[in-house]
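Take a look at the structure set out below.
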Amino acid sequence: MFLLGAALLAGLGAAAGIHRHEHDSSTQPAANAAAAPGGGWFDALAASRGAAGDAERTTCGLILTQQSLGVTEPVLPCHAKILIRFGDRTFLTEVIDNRLKAGGRQFEVTEGLAQEMGLDGTQRIQWRFASRG
């Protein structure tokens, strides 16, 4: 029984020590990444959600402004932290809404984030969950 417990603790310690640190060239601090199945990134289509309306409230309870940075995704939970990779840059952001304004894409990014990313129109991005730590 003692050996089984020791092996379990050793395995948990080893698993906790495995983190891949991503280079983040945005203004956000670097974050550890939780890999997608197979160790990679998820592919998705993304576009700007457009300019924020006057006192526009999201399904996550936030009021958007022109300075808001975040993403709309219909399945992920509100406030989930994710990394978005577009080109050679990685951006740390969070889910701020669950209701897409238009079809034909999996993610909508705020206009401020779209400008920071250089996202024009609907384009392919890669994403993964950001892990704590």
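Descriptive notes on the structure:
- Close pairs from region 114-133: first surrounded by 16 or more Cβ atoms within 10 Å (Cβ to Cβ), partner among the aromatic types (F, W, Y) and not in a strand (DSSP E or B), Cβ under 7 Å, at least 6 apart: Q126/W41; W127/W41; R128/W41
- Where A114 falls short, out of the listed (1) in contact with a Phe, Trp or Tyr (Cβ under 6 Å, 6 or more places away or on another chain); (2) modelled with pLDDT of 95 or more: (1)
- Yes/no for G13 being modelled with pLDDT under 90 and over 14 Å from Q126 (Cβ atoms): yes
- For region 16-65, taking the residues that are at pLDDT below 95 and acidic (D, E), the one that is surrounded by the fewest Cβ atoms within 10 Å (Cβ to Cβ) is identified as D54.
- Residue tally, condition touching a residue at least 24 places away in the same chain (Cβ under 8 Å) and either small (G, A, S) or crowded, with 21+ Cβ neighbours inside 10 Å (or both), over region 93-104: 6
- Per this entry, T90 is counted among residues that are modelled with pLDDT of 95 or more and in contact with a Leu (Cβ under 8 Å, 6 or more places away or on another chain).
The values are calculated or read from the model by the stated rules, or taken from the named source; none is laboratory data. Predicted, not measured: the structure shown is a model, and the values here were computed from it. No Cβ is skipped: glycine too gets one built from the backbone with ideal geometry, and neighbour counts run over all protein chains shown.
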